[in-house]
Amino acid sequence: MSDDVESGTQTDKKNPHNICIWNPKEDCGDCSLCEEIHCEMHRSDTMMFMASALMFFVPAIGGMLIGGMGLWLVGYFVYWFIFFELWENKVLCSHCPFYAEDGGQGHTLHCYANYGLYKTWPYDPKPMSRSHKIQFLVALTIFTGYPIPFLILSVQLVFLGATLIGICVWMAVLKLKICPKCLNFSCPLNSVPKAIVDAFLKRNPVMRKAWEECGYQLG
Ligand code: SF4
Ligand code: SF4
């Protein structure tokens, strides 16, 4: 690892916050955290995440269409835009190391879950605040729950059952496969052990300073 990276003074147009995942791989030196957390984007994670999400979207959207509730899908897709580009983008993703590439604003995300989304906000190295955590959980509940009343009202019970199973599968994949390795450590769903979080913060002085200013203490 170079002295620049160690001291956190490296400023580079592509990586102004000196987040290690955006530095050249040679700078990782003997760090083996990539075996514990998702330092890199792997297509297999994206496929797993998308496939499990489709198990929820397909019956939810299909049931609404077959039940004659297609017009309400417009509202759902408007909410998707608000959720992905404004709300989740701000309260969750803007705190994620994946968001820090190119300073965090004006370019697209290159992560396994939201690949290609426009980064609407500046990168924020601080952990998510309590308000951001609550907002994220509310936004996620609306995101998953929106189709359910329409499936009940149109008596699409098979699609309703399939949607509920799909949500459970998606959440299980998230909690068992994604959250235990995700770099967005302050997300309320994240379950990376504190020792790993601390080791990552020690490699990332800008994040560490921002976290410590918010009261976080390394173990
Ligand atoms: S945590 Fe950072 S330094 Fe360590 S392997 Fe991952 S990208 Fe490299
Ligand atoms: S990994 Fe998750 S939290 Fe991080 S930018 Fe991608 S979707 Fe957002």
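Some notes on this structure:
- Against the list (1) buried (at least 16 other Cβ atoms within 10 Å of the Cβ); (2) of a type outside the set (Ser, Thr, Tyr); (3) out of contact with any Cys (no Cβ under 6 Å at 6 or more places or on another chain), the condition Gly161 fails is (1).
- The set of residues from segment 195-217 being within 15 Å of ligand 1 (Cβ to nearest atom), more than 18 Å from Pro16 (Cα to Cα) and not acidic (Asp, Glu) comprises Ala195, Ile196, Val197, Ala199.
- Conditions (1) open to solvent by 50 Å² or more (accessible area, probe 1.4 Å); (2) within 16 Å of ligand 1 (Cβ to nearest atom): number failed by Met171: (2)
- Of the residues making up segment 97-117, those that are more than 19 Å from Phe49 (Cβ to Cβ) and either without any contact (Cβ under 8 Å) to a residue 40 or more places away in the chain or within 12 Å of the chain's Cα centre (by Cα) (or both) number 3.
- Breaking point among (1) free of Cβ contacts under 8 Å to residues at least 12 places away in the same chain; (2) basic (Lys, Arg); (3) surrounded by 15 or more Cβ atoms within 10 Å (Cβ to Cβ), for Lys90: (1)
- Counted residues, segment 57-79 - those being free of Cβ contacts under 8 Å to residues at least 12 places away in the same chain, within 27 Å of the chain's Cα centre (by Cα) and open to solvent by less than 30 Å² (accessible area, probe 1.4 Å): 0
- Restricting Ile148, Ile196, Ile178 to those that are in a helix (DSSP H, G or I) and away from ligand 2 (no atom under 16 Å from the Cβ) reduces the list to Ile148.
- Test: Glu26 is acidic (Asp, Glu) and away from ligand 2 (no atom under 16 Å from the Cβ): yes
- Selection count where residues are within 15 Å of ligand 2 (Cβ to nearest atom) and of a type in the set (Val, Ile, Thr), scope segment 113-145: 1
- Subset of segment 174-195 (residues that are more than 13 Å from the chain's Cα centre (by Cα) and crowded, with 16+ Cβ neighbours inside 10 Å): Val192
- Residue ID - nearest to ligand 2 (Cβ to nearest atom), chosen from residues in segment 29-53 that are without any contact (Cβ under 8 Å) to a residue 24 or more places away in the chain and touching a helix residue (DSSP H, G or I) at 6+ places or on another chain (Cβ under 9 Å): Glu40
- Filter result (part of a helix (DSSP H, G or I) and open to solvent by less than 30 Å² (accessible area, probe 1.4 Å)) within segment 29-56: Leu33, Asp45, Thr46, Phe49, Ser52, Ala53, Phe56
The values are calculated or read from the model by the stated rules, or taken from the named source; none is laboratory data. Worth saying up front: this structure is predicted, and the values here are computed from it rather than measured. As a convention, Cβ positions derive from the backbone with ideal geometry for all residues, glycine included, and neighbour counts pool all protein chains shown. Just so you know, the surface numbers come from the protein's heavy atoms only, side chains and all, with ligands and any DNA or RNA stripped out. Shrake-Rupley method; radii C 1.70, N 1.55, O 1.52, S 1.80 Å.
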